[in-house]
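Participant: Below is one structure. I have some questions about it.
No value in this document is a laboratory result; all are computed from the given coordinates. Owing to the predicted nature of the structure, the values given are computational and were not obtained by experimental measurement. Backbone-built Cβ (ideal geometry, glycine too); neighbour counts: all protein chains shown.
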Amino acid sequence: MKPRPKETILGIRFFTGSASEAVEAALGGELVLAPSGPGMADDLVDSEAYREALLNADINLTDSGFMLELWRWRTGHRLPRLSGLGFLRTLLDHPLAKQAGNTFWVMPSEGEQNIHLKWLNANGVAVAPEDCYIAPRYAPGVIDDQELVAQIARRKPRTIIVAIGGGVQERLGLTLKRRFADEPNRPGVVCIGAAIGFLSGAQVKIPPWVDRRKLGWLWRTLSSPRKYSSRYISALGLFNLLFRYKHRLPPLRVNSQASDILTAGLRPKN
């Protein structure tokens, strides 16, 4: 296999190729994550399970425009941005993703599932309620959801799309990758968080021009300041991490397990 273009930031290999290449990886049984700015600032040093997921992903998308701007300031390297939303648009345009039974969705709630299903089917992506699973509230650390694994084993999708909160979905994604790694036709796993909500209207819709200009964070914050302001303010911790560690993986905080438990209870679902 031809080596994929990548750049190592804080010890994490970020994919710098095209959306179509990332989609082919997802359809080919690989794990695709889209680490957020707050996730890189907090979860990377607070949660051992989260950082293990990023270290073992096949592709980490350059979703955080803030991280990319800081990286350019720190190193002079201008990296291409591939957002989770842009990736999802490309994936859902693929003929294989449109076929019934080829995608299996992990949803955050029944209400959002209904909205997402209506939008998906109206836009040519055939998804039935049987192709969905409503995630419970997962505890910190490594996730083990046998009911979800059993449903996926029965449905045999080509790609699993995890649409739950950041900091949680990455841990679940790695569990699913490892669980089906030895299957001859193993499913790909994609963790895109709230991106489907930006298309379906379950959350504020983000126009393509806003996403291209790396202003999705501002669009969300303006739509719900109380919910998202503190989340994006936490991303400012990337200043210190990138200045100190640059390409190197920062150490876990001493009290990372306690912090993991706390943030699991306080973090917004998406």
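Participant: Relative contact order for the stretch 104-171 using alpha-carbon pairs under 8 Å, separation at least 6, rounded to a whole percent?
Facilitator: So the answer I get is 50 percent.
Participant: When the gyration tensor of the stretch 1-123 is built from Cα positions, what are the square roots of 5 times its three eigenvalues, in whole Å, from largest to smallest?
Facilitator: After scaling each eigenvalue by five and taking roots: 27, 18, 14 Å.
Participant: Arrange the following residues from fewest to most other Cβ atoms within 10 Å of their Cβ: M40, M107.
Facilitator: If I rank by nearby Cβ atoms, fewest first, I get M107, M40.
Participant: Sticking with this one: Order these by the 10 Å Cβ neighbour count, fewest first: V190, V142.
Facilitator: Ascending Cβ contact count within 10 Å gives the list V142, V190.
Participant: Only bridges with both residues in the stretch 1-150 count here: give the DSSP antiparallel percent, nearest 5.
Facilitator: Taking every DSSP beta bridge within the stretch 1-150, about 45 percent pair in antiparallel fashion.
Participant: Please give the length that would be gained between E52 and A150 if that part of the chain were fully extended, namely 0.36 nm times their separation in residues minus their C-alpha to C-alpha distance (nm, one decimal).
Facilitator: Extending this stretch completely gives an extra 32.9 nm.
Participant: May I ask you to derive the relative contact order of the stretch 6-266, considering only C-alpha pairs under 8 Å and at least 6 residues apart, and to give it as an integer percent?
Facilitator: Relative contact order comes out at 30 percent.
Participant: For the residues F14, F180, F239, what sequence is obtained by ranking on other C-beta atoms within 10 Å, fewest first?
Facilitator: By the 10 Å Cβ count, ascending, the order reads F239, F180, F14.
Participant: Please state, as a whole number in µm²/s, the translational diffusion coefficient that the Stokes-Einstein equation yields for the stretch 71-132 at 20 °C and 1.002 mPa s, with Rh defined as the Kirkwood radius across alpha carbon pairs.
Facilitator: It diffuses with D of about 159 µm²/s by this estimate.
Participant: Right, another one. Kindly list the residues of the stretch 15-54 that lie in the label zone of R253, defined by a backbone N under 15 Å from the point 7 Å along the Cα-to-C-beta vector.
Facilitator: 38-51
Participant: Beyond a 20 Å Cα-Cα separation, which of these cross-linked pairs lie in this structure: K98/K156; K2/K98; K156/K177?
Facilitator: Checking Cα-Cα distances, K2/K98 exceed 20 Å.
Participant: Please report the projected area of the stretch 6-266's Cα convex hull averaged over all directions, in nm².
Facilitator: Its average projected convex-hull area is 12.7 nm².
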